[in-house]
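Shown next, in C-alpha cells, is the structure this report addresses.
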Amino acid sequence: MNVQTGQGIAVQRSADHTSGARPTPDELAGAYRIMYMARRLDDREILLKNQSRIFFQISGAGHEAVQTAAGMLLKPGHDWFYPYYRDRALCLALGVTVDEMLLHAVGAASDPASGGRQMPSHWSSPKLHIVSGSSPTGTQLVQSAGCAHASRFLRPDSDEITLVCTGEGATSEGEFWETMNMACLDRLPLLILVEDNGWAISTPVERQSPGGNVAELVANFPGLGRFEVDGTDFVASWRVLEQAIAYVRVRKGPALVHATVIRPYSHSLSDDERSYKTKEERAAEAQRDPVLRFPEWLLAEGVLDRHALKRIAHEVDEEIAKATDRALSALPPPRGSALKFLYSDEVDPSSDQFDAEPHFEGGPRTMVDEINLTLAEEMERNPHMVVFGEDVADCCREESITEVKGKGGVFKATAGLQIRFGSARCFNTPIAEAGIVGRALGMAARGMKPVAEIQFFDYIWPAFMQLRDEVATLRWRSYNGYGAPLVIRVPIGGYLNGGSIYHSQCGEVLMTHNPGLRVVMPSNALDACGLLRTAIRCEDPVLFLEHKKLYREPYNRHPHPGPDFTIPFGRAKVVKGGHRLTIITYGALVQKSLLAALQVEKENGDHTVEVIDLRSLSPYDWTAIKESVEKTNRVLVAHEDCLSWGYGAEIAARIASELFSSLDAPVGRIGALDTWVGYHPQLEQETLPQVDDLVKEAQRLLAY
Ligand SMILES: Cc1ncc(C[n+]2csc(CCOP(=O)(O)OP(=O)(O)O)c2C)c(N)n1
Ligand SMILES: [Mg+2]
C-alpha cells in the first residue's frame, strides 16, 4: 500500500507485517525519509518560533525511529490512534502531510487538526483515525481503552487495534493504571507504546517509576503482552512492534511496548535541559540519535549510498521550504469564529425537533422508574447504546443471575438492563471514575452512545479532568473532526437525613462552567424521562444530574409519556403562575419553592408568586426568566448548592445587568450555607435551604 506523506512523495508501506522478515529496501528508505522529515520539521518550527512566526514548539526529536516503525506497521483508516504530543514521526508515517503540520503550527484557519485552536503537535485526522490529542499527560490512555472497546460493537469481525502513545512520566498518572486495569480485565485490543526518554521535563525516570522501568511494574497484569526495545533503533523497533501488533491483532490481549528513546532538544522551547542534565548525560544521549545512526546503518548495510541519502534529504528540505511559504501566507482563524463547534451544528437539543407531545400510559411512576424505563427504551432503539458504571449491572457473575434478584445500580436506576440487553451492553466497571468517563469518550468519538453512571456526584472528581479538558473540548478543539455524544448520569444532592458530607453535596456550577458540556437537572418523573431521552438522542455531551431525594417522592410521579417523549433543553417550566414575585429554581428546591409560594400567598392574600423550574442548567431559558421578571418585577433565585459563587450568582448578575429597569427590589438569592452537609439531621437542616428561608426572603423582597 502506498500512503502519501508529503507533497508528491510516496512512502512504501508494508501491507501486512507479521512475518518477522526484515523491512524491504524500499521500506527502509521510506523510513529514513520520514525520520529525517520529522526532525527537519522540528528544526523548521524552532526557527519559526525564534522568529516569532509561530507561538509554541515542542519537538519529537529523538523519538523518530520507534514512531516511524509503528506508523509504517499499523494501518491508518483501519486501526485507531491516540498519539502523544511528541508523535510527529508517527503521524507523518500515518499520512499527515508536511503542509498539514505547518498549517497546524502557524494556527491557520485551514489547520485540519484544530482550525488554529490547539498548540502545534496536537494532531487530529478523522480520515486516518488519529483522534485529536490534548495537552494533559495521561488522559488519552483511558479514552484509547474506550476506543478499543468500541471495536467489539462496531467492527466485531475486524482485526483493527488501537495504538496509544505516552511518555514514561505520564505512566505515573492514575489514568495509566486505570487503563492497564481496564485493558487487561476486558482483554482490549490496545497497544500501549511507552516512549521512555528518561525525563519528564526535569524529573528523571527513577523518580517517576520505582526501579526506573514501568514495564517491570506491569509484569503481573494477566494477559498483557510486554515488550522492551531500544526505540532509537529502527530495525529493532520494527521487529518488536511487529510481534506486539500481531499479539493484539489476534486478540491475545493488550500489549505494552517499552521503548527507550532520547530527548536531545530539551522538553520544549520554554525549557533548557542544561539546567538539570549533565554534559556527560547529554553526550551519551547524542550517541544514540536515531536520525544520525540510521543513515549510518543504511550505508553500512548497503541499503542506500551517500548520494541516495542526500537526494532524500534535499527533496525533504525543498518540500518543507515550500510548505513553510504556503503556511505563512495562510489566513488566520476568522474573527467571530471562537464559538463555532462548541456543540454539534447538526442536532440542536434546544430546538423544536425535541418538543414532543406526551402519550401517557399506565399509572403514576417514580422518577427513578421513569429513568430506568427510558434507558431500556433507548437501548432497544439504539443497538450502539451501552450502559456502564459502578454496580450498574444486575449481576456480574452471569451464572448466578437466575438465583439472585439483581443489583442494577445502588439506586436501581439500571435494574434489569443487563438481564434484558446482555452483559456486553450493561456492565460493571472497576471503581475508577476517570476511566468511566474516559472510556465513554473513546466510545463516543467513534459514534457509539455510551450512557455511563457515576455512582455519586461526590465522587465525580477523579473524572473532572476528563469532563472539563476532554469531553467538553473534543468537538471544539478538533474543529468538528470528532464529537462526544455521550451521557453521564449522576445522582446528586442532599436532604437525606444522614447522607453527610460525601453523599449529599451539590456542585452543579462546577459543571455548568464548562463550555461544550450540557447540564440538565430534572425535578420530576415526566421531565426526567423527556430530558434523558433528549440527552441520549442529541450529539452533545450531557451531564444528567438526578436528585437522589427526588427519585422516589410521591409528589413528583407521572404516568409514562411514551417511548418518543422528549423535552428540548433550555426550556424552563412555569410550575406555578403568579404576579408579584418570581422564584427561579431547579431540582429539590422546586417543591420547596412551591410550598413557600403557597405560604406567602396565605400570609399576604394578593401577593401571588410565580415559580419557575429551569430543568436545564446549561443551556438555560433566559426568555422565560425575562418574561417572568418583566411581569412580576421582583425575583428570587434559589438553589440547594452553596450560595457563594453558586449557579444563582450568574442568573442574579444577568438579571441585575439586563433587567435592572424592570426591578422594584434587589435580586434575592437563597442557597446553602458555605459549608459541608453534616451527618446529624440538625446540621443538614441548618446548612441546606428550607421552606422557611425561602418564605423569609420572599417576604423581604415583597416588602421592599
Ligand atoms: C496532567 C498534566 N500535568 C502536568 C502537565 C505539564 N507537563 C507537560 S509535559 C510534562 C512531562 C511529561 O513527561 P513524559 O510523559 O515523560 O513525556 P515527555 O515530555 O518526556 O515525552 C508535564 C509534567 C501536563 N501537561 N498535564
Ligand atoms: Mg519522558
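Going by the conditions given, is LEU298 surrounded by 14 or more Cβ atoms within 10 Å (Cβ to Cβ), modelled with pLDDT of 95 or more, farther than 24 Å from ARG40 by Cα and among the aliphatic types (A, V, I, L, M)? No: the conditions fail for LEU298. Note on region 466-480: residues that are part of a helix (DSSP H, G or I) and within 16 Å of ligand 1 (Cβ to nearest atom) total 7. Candidates SER523, SER616, SER593: the one that is crowded, with 24+ Cβ neighbours inside 10 Å and out of contact with any Phe, Trp or Tyr (no Cβ under 9 Å at 6 or more places or on another chain) is SER593. Quick check on SER52: is it touching a Leu at 6+ places or on another chain (Cβ under 8 Å), hydroxyl-bearing (Ser, Thr, Tyr) and either modelled with pLDDT under 95 or more than 14 Å from ligand 1 (Cβ to nearest atom) (or both)? The answer is no for SER52. Figure legend. Inter-residue proximity from region 38-61: first residues not assigned by TED's automatic domain parsing to the domain that holds VAL98, second residues surrounded by fewer than 16 Cβ atoms within 10 Å (Cβ to Cβ) and outside any loop (DSSP other than H, G, I, E, B), beta-carbon distance below 7 Å, spacing 6+ or different chains. No pairs are indicated. For region 233-274, a residue qualifies if it is among the hydrophobic types (A, V, I, L, M, F, W, C) and either within 16 Å of ligand 2 (Cβ to nearest atom) or part of a loop (DSSP other than H, G, I, E, B) (or both), and the qualifying residues are VAL250, LEU256, VAL257, ALA259, VAL261, ILE262, LEU269.
Table: residues versus (1) in contact with a helix residue (DSSP H, G or I) (Cβ under 6 Å, 6 or more places away or on another chain); (2) buried (at least 24 other Cβ atoms within 10 Å of the Cβ).
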| residue | (1), (2) |
| --- | --- |
| THR162 | yes, yes |
| SER172 | no, no |
| MET180 | no, no |
| LEU185 | no, no |
| LEU190 | yes, yes |
| GLY198 | yes, no |
| ILE201 | no, no |
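Which residues, taken from region 399-419, are free of Cβ contacts under 8 Å to residues at least 12 places away in the same chain and assigned to a helix (DSSP H, G or I)? Outline the logic, then answer.
Of all residues in region 399-419, those free of Cβ contacts under 8 Å to residues at least 12 places away in the same chain come to 399-400, 402-405.
Matches in region 399-419: GLU399, SER400.
Using the structure shown, decide if TRP177 is farther than 19 Å from GLU285 by Cα and either in contact (Cβ under 8 Å) with a residue 40 or more places away in the chain or more than 16 Å from ligand 2 (Cβ to nearest atom) (or both). So TRP177 fits the description; yes.
How many residues does region 612-627 contain that are in contact (Cβ under 8 Å) with a residue 12 or more places away in the chain and of a type in the set (Val, Ile, Thr)?
Let us first name the residues in region 612-627 that are in contact (Cβ under 8 Å) with a residue 12 or more places away in the chain, namely 612-622, 624-626.
Remaining after also requiring of a type in the set (Val, Ile, Thr): 612, 625.
Residues that pass the stated criteria total 2.
For region 218-232, a residue qualifies if it is more than 16 Å from ligand 2 (Cβ to nearest atom) and either farther than 26 Å from THR68 by Cβ or polar (S, T, N, Q) (or both), and the qualifying residues are ALA219, ASN220, PHE221, PRO222, GLY223. Comparison of GLN143, GLN67 shows that the only residue that is within 16 Å of ligand 2 (Cβ to nearest atom), at negative phi and modelled with pLDDT of 95 or more is GLN67.
I'd like the full set of residues that are within 24 Å of LYS449 (Cα to Cα) and surrounded by 22 or more Cβ atoms within 10 Å (Cβ to Cβ), limited to region 489-518. Answer for region 489-518, where residues must be within 24 Å of LYS449 (Cα to Cα) and surrounded by 22 or more Cβ atoms within 10 Å (Cβ to Cβ): ARG489, VAL490, PRO491, ILE492, GLU508, MET511, LEU517, ARG518. Per the conditions (1) within 25 Å of GLU627 (Cβ to Cβ); (2) in the same structural domain as HIS384 (by TED's automatic domain parsing); (3) of a type outside the set (A, V, I, L, M), the sole criterion not satisfied by PRO568 is (2). In region 152-172, the residues that are on the phi < 0 side of the Ramachandran plot form Cβ pairs under 8 Å with partners that are among the acidic types (Asp, Glu) and within 16 Å of ligand 1 (Cβ to nearest atom), at six or more places apart or across chains, as follows: CYS165/ASP87; CYS165/GLU195; THR166/GLU195; GLY167/GLU195; GLY167/ASP196; GLU168/GLU195; GLU168/ASP196. Being away from ligand 2 (no atom under 16 Å from the Cβ), touching a Lys or Arg at 6+ places or on another chain (Cβ under 9 Å) and not in a loop (DSSP other than H, G, I, E, B) holds for only one residue in ALA452, ALA463, ALA484, and it is ALA452.
Rundown of residues vs (1) under 16 Å from ARG251 (Cβ atoms); (2) outside any strand (DSSP E or B); (3) within 14 Å of ligand 1 (Cβ to nearest atom), yes/no style:
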site: SER132; (1), (2), (3): no, yes, no
site: GLN140; (1), (2), (3): no, yes, yes
site: HIS149; (1), (2), (3): yes, yes, no
site: ASN181; (1), (2), (3): no, yes, no
site: CYS184; (1), (2), (3): yes, yes, no
site: ARG187; (1), (2), (3): yes, yes, no
site: LEU191; (1), (2), (3): yes, no, no
site: GLY212; (1), (2), (3): no, yes, yes
site: ALA219; (1), (2), (3): no, yes, no
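Which members of region 82-108 meet the condition of being away from ligand 1 (no atom under 15 Å from the Cβ), within 25 Å of the chain's Cα centre (by Cα) and among the charged types (D, E, K, R)? Answer for region 82-108, where residues must be away from ligand 1 (no atom under 15 Å from the Cβ), within 25 Å of the chain's Cα centre (by Cα) and among the charged types (D, E, K, R): just GLU100. The C-beta contact set for region 500-524 (first residue in contact (Cβ under 8 Å) with a residue 24 or more places away in the chain, second residue in a helix (DSSP H, G or I) and basic (Lys, Arg), distance under 7 angstrom, 6+ apart or interchain) comprises ASN514/ARG468; GLY516/ARG475.
Of the residues that make up region 216-232, is at least one polar (S, T, N, Q), crowded, with 18+ Cβ neighbours inside 10 Å and more than 29 Å from ALA31 (Cβ to Cβ)? Taking every residue of region 216-232 in turn, none turns out to be polar (S, T, N, Q), crowded, with 18+ Cβ neighbours inside 10 Å and more than 29 Å from ALA31 (Cβ to Cβ).
Condition first: of a type in the set (Ser, Thr, Tyr), outside any helix (DSSP H, G or I) and surrounded by fewer than 24 Cβ atoms within 10 Å (Cβ to Cβ). Can you find one or more residues in region 55-78 that meet it? Outline the logic, then answer.
Within region 55-78, the subset of a type in the set (Ser, Thr, Tyr) is 59, 68.
Still in the list and also outside any helix (DSSP H, G or I): 59.
Now narrow it down to the ones that are surrounded by fewer than 24 Cβ atoms within 10 Å (Cβ to Cβ): none.
No - not one qualifying residue is present in region 55-78.
Annotation: HIS104 fulfils all but one of (1) in a loop (DSSP other than H, G, I, E, B); (2) out of contact with any strand residue (DSSP E or B) (no Cβ under 8 Å at 6 or more places or on another chain); (3) buried (at least 21 other Cβ atoms within 10 Å of the Cβ); the unmet one is (1).
All told, ASP87 meets the bar of being under 19 Å from LEU191 (Cβ atoms) and within 16 Å of ligand 2 (Cβ to nearest atom).
The values are calculated or read from the model by the stated rules, or taken from the named source; none is laboratory data. Quick caveat, the model's predicted, so the values are computed rather than measured. We place every Cβ from the backbone using ideal geometry, glycine too, and count neighbours over all the protein chains shown.
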